[in-house]
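Have a look at the structure below, then the notes.
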Amino acid sequence: MLKHPFLSFLKTSSLVAAIIIPIFSYANEIKHVAITAIVEHPSLDEIRDGVKDELSAQGYQLGKDLNVQYQSAQGSSANAAQIAKQFVANKPDVIVAIATPSAQAVAASTKTIPLVFAGITDPIAAKLTKNWQPTGTNITGVSDYLELAPQISFMKTIVPNLKSVGYIYSPGEINSTIVLKQLQELLALQNINIVAVPAQRTADIPTAAKSLKGKVDLIYTTTDNNVVSAYESLVKFANENKIPLLASFPDAIERGAVAAFGMSYYDVGRQSGKLVVRILKGEKPGDIAPETGQETHLVINLEAAKRQGVVLPEDVIKSAYRVINSK
């Protein structure tokens, strides 16, 4: 990760635990990139790190020809809006917004400063773009959209007689509601039921999980920020009730999911960083078509499989990008 000798940590009542790398110069020869995320969790942190690493790989040096500012909204939409306004007031060369709420807040705050969104499932539904063509506006970015048909095939590989899938989601998070709608349509075609349980707050996740007991054959999780923030409670429920926990984001296996077949969020960050560099070098964001992530990985946790009563096929294990807790 890039480091700055004057790194400081600031806590305010409105931006809890926001991390700020101060901006000391706005001279033309020094580029200023502002990065914000709706919350801090491994997947979103990997995007941020990927962006910064790509800037470094492209020859930018923090404190020499590059200043970077980062703030997390700590899960608060109100904080996201305040961060967006603060960033816009600072007039950076590019703003990188990670996750839908942060990107929407920035888009609402400026129509001129380049915005690169990252880790957004459906930028069209989020009203950031009209389609997958160059926007002609100040916005471009990289989506973490995953085709769900391969995800369902993978579910059936893990549970061959799959009849019912559990899905916990935040009703206010557009990424999650979009995935739910698509799952409902695709699973219905295969006569598979989906039990969807809303959880408005992180604190609601344990109760939502308990409501799935005896009703589902597996639980499928995406990068819903509430779910990810309370993932350990979901793992505990899955372990106690022998229900396989699958995910669409690879870092879930470190936290106790049986397997994850999904986007490499670090690579989403590197890909987003490439767009940032193109803009810093003079391209207009509105001339750059939005992209989707290009790297997907299958990762497996054998110990979690044992705890959740799953016997993984040997060919699936051999095909994994990474296997952890193997004995």
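The values are calculated or read from the model by the stated rules, or taken from the named source; none is laboratory data. Computed from a predicted model, the values in this text were never measured in an experiment. Here Cβ is always computed from backbone atoms with ideal geometry, including for glycine, and neighbour counts include all displayed protein chains.
Of note:
- Region 268-305, residues that are of a type in the set (D, E, K, R) and either under 16 Å from Thr140 (Cα atoms) or modelled with pLDDT under 95 (or both): Arg270, Lys274, Arg278, Lys281, Glu283, Lys284, Asp287, Glu291, Glu295
Residue by residue, here is whether (1) outside the structural domain of Val310 (by TED's automatic domain parsing); (2) within 24 Å of Arg307 (Cβ to Cβ); (3) not hydrophobic (A, V, I, L, M, F, W, C) holds:
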position: Asn175; (1), (2), (3): no, no, yes
position: Val195; (1), (2), (3): no, yes, no
position: Gly214; (1), (2), (3): no, yes, yes
position: Asn225; (1), (2), (3): no, no, yes
position: Asn239; (1), (2), (3): no, yes, yes
position: Leu245; (1), (2), (3): no, yes, no
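- Here Asp251 clears all of (1) surrounded by fewer than 16 Cβ atoms within 10 Å (Cβ to Cβ); (2) of a type in the set (Asp, Glu); (3) modelled with pLDDT under 95; (4) in contact with a Pro (Cβ under 8 Å, 6 or more places away or on another chain) except the condition numbered (1).
- For Asn161: the one exception among (1) in a loop (DSSP other than H, G, I, E, B); (2) free of Cβ contacts under 8 Å to residues at least 40 places away in the same chain: (2)
- A single entry from Ile124, Ile120, Ile158, Ile152 fulfils the requirement of being out of contact with any Leu (no Cβ under 9 Å at 6 or more places or on another chain) and β-branched (Val, Ile, Thr): Ile124.
- Condition check for Pro101: at pLDDT below 95, buried (at least 19 other Cβ atoms within 10 Å of the Cβ) and not in a strand (DSSP E or B): yes
- Condition broken by Leu187, with the remaining ones in (1) outside any loop (DSSP other than H, G, I, E, B); (2) buried (at least 17 other Cβ atoms within 10 Å of the Cβ); (3) under 21 Å from the mean Cα position of the chain (by Cα) satisfied: (3)
- The condition of being on the phi > 0 side of the Ramachandran plot, surrounded by fewer than 24 Cβ atoms within 10 Å (Cβ to Cβ) and in contact with a His (Cβ under 6 Å, 6 or more places away or on another chain) does not hold for Gly75.
- Matching residues, region 127-144, being surrounded by fewer than 20 Cβ atoms within 10 Å (Cβ to Cβ) and touching a residue at least 24 places away in the same chain (Cβ under 8 Å): Trp132, Gln133, Pro134, Gly136, Thr137
- Some residue of region 78-86 being touching a residue at least 12 places away in the same chain (Cβ under 8 Å), under 16 Å from the mean Cα position of the chain (by Cα) and closer than 26 Å to Phe249 by Cα: yes
- Hits in region 304-315 (condition: surrounded by 15 or more Cβ atoms within 10 Å (Cβ to Cβ) and touching a residue at least 24 places away in the same chain (Cβ under 8 Å)): Ala304, Ala305, Arg307, Gln308, Val310, Leu312
- Some residue of region 164-184 being in contact (Cβ under 8 Å) with a residue 60 or more places away in the chain and either over 15 Å from Ala125 (Cβ atoms) or part of a strand (DSSP E or B) (or both): yes
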